[in-house]
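Here's the structure we're looking at; comments come further down.
Read-outs: derived from the displayed coordinates by stated rules, not from any lab. Model, not experiment: these values are computed from the prediction. With ideal geometry, Cβ positions are generated from the backbone for all residues, glycine too; neighbour counts draw on all protein chains shown.
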Amino acid sequence: MATNENGNYRGKVAFVTGAASGIGRATALAFAREGASVVVADVSEPSNQETARMIEELGGRAIAVRCDVTRAEDVKAALDKTVEAFGRLDFAFNNAGIEPKKAAPTAEYEEEEWNRIIDINLRSVFLCMKHEIPLILKQGRGAIVNTSSGAGIIGIKGSPAYTAAKHGVIGLTKAAALDYAAQNIRVNAVCPGYIDTPMMGRFTGGTDEGRAKVIAEEPVGRMGKPEEIAAAVVWLCSDAAAFVVGHAMVIDGGQTVQ
Ligand code: NAP
């Protein structure tokens, strides 16, 4: 699969946010399978430590760090721990995010909920990149992948904040990609469709009916698996993607093609 100059990611270090669950956990495991040492960062404990344990069980190297990605001091401390533990940073997957509590049209959308969604889904990506980039620059090369969504490609009725945040992640990704392309840091985004994670379980209410409604929107007739996003992230960080810069990769079973 993904290779670097050594044929794998051995000796490389990946930082993954939202690693306690879903897409983040699957991606942390995928980096570890490729040989990278992984720092798993999340607010959710003990699930985050569980991800680190799963990596160790694979024979990989990992540390778990409690990090609220909306707090600059947490992000900085988590990255300091990364360098302390593994000496460097090569790849970052800025993925932690939340779904809206409920749908509401724009004029009725609560300001507090707007702030919460923008804070965790967009401002956090800026904060993470702000503190990751100086560390990656020290290696002379590296890659960052940010998690957007199908909601970064199309508008979602009743979801102004999530739609704005995920469109914002793509804009931010493009700006950062241009800022650092000449310094060998590639910044890209992934835009998952409906992926079968705990977040999706909350979204569907965990019922057969809720799941069926979501699946009906997927031309492939199923939800995606977290591993299908993980594979794209690992590829985007690899040398096979050396000419892929500022791209928002849609992995959604055709959902936004319709
Ligand atoms: P998930 O299963 O809920 O995992 C997200 C993780 O992020 C959770 O462990 C969550 O902890 C953590 N988190 C939340 N707020 C945080 C904060 N402030 N700091 C650090 N960690 C925080 O969700 P997922 O489905 O894997 O989603 C991952 C990303 O993909 C999100 O950005 C989401 O918007 C995006 N996405 C998901 C889908 C999908 O269908 N699943 C589709 C498109 C995009 P808690 O559980 O304690 O909140």
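So the values come out like this:
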{"item": "Cα gyration tensor, segment 92-138 - rounded (a/c under 1.5), prolate or oblate", "result": "prolate"}
{"item": "Contact order relative to length of segment 13-251, as percent, for alpha carbon pairs under 8 angstrom and 6 or more apart", "result": "20 percent"}
{"item": "Folded to 0 to 90 degrees: helix 22-33 orientation relative to the chain principal axis, Cα", "result": "20 degrees"}
{"item": "With Cα atoms, 0 to 90° folded angle of helix 47-57 axis to the chain main axis", "result": "50 degrees"}
{"item": "Segment 56-73 residues near the modelled Asn115 label - backbone nitrogen below 17 Å, point 7 Å along Cα→Cβ", "result": "70-72"}
{"item": "Relative packing of 204-217, 62-75, which averages over residues the other C-beta atoms within 10 Å, highest first", "result": "62-75, 204-217"}
{"item": "Acute angle (nearest 10 degrees) that the helix 72-86 long axis makes with the longest principal axis of the chain, alpha-carbon atoms", "result": "40 degrees"}
{"item": "Most positive-pole-ward Cα, Gly221, Gly193, Val233, against dipole of the chain from beta carbon charges", "result": "Val233"}
{"item": "Highest average packing first - 120-129, 102-111, Cβ atoms within 10 Å", "result": "120-129, 102-111"}
{"item": "Translational diffusion of the chain, µm² s⁻¹ [Kirkwood Rh, Cα pairs; Stokes-Einstein; 10 °C; 1.306 mPa s]", "result": "87 µm²/s"}
{"item": "Assigned charges on the beta-carbon of Lys, Arg, Asp, Glu; the chain dipole about Cα centre (debye)", "result": "480 debye"}
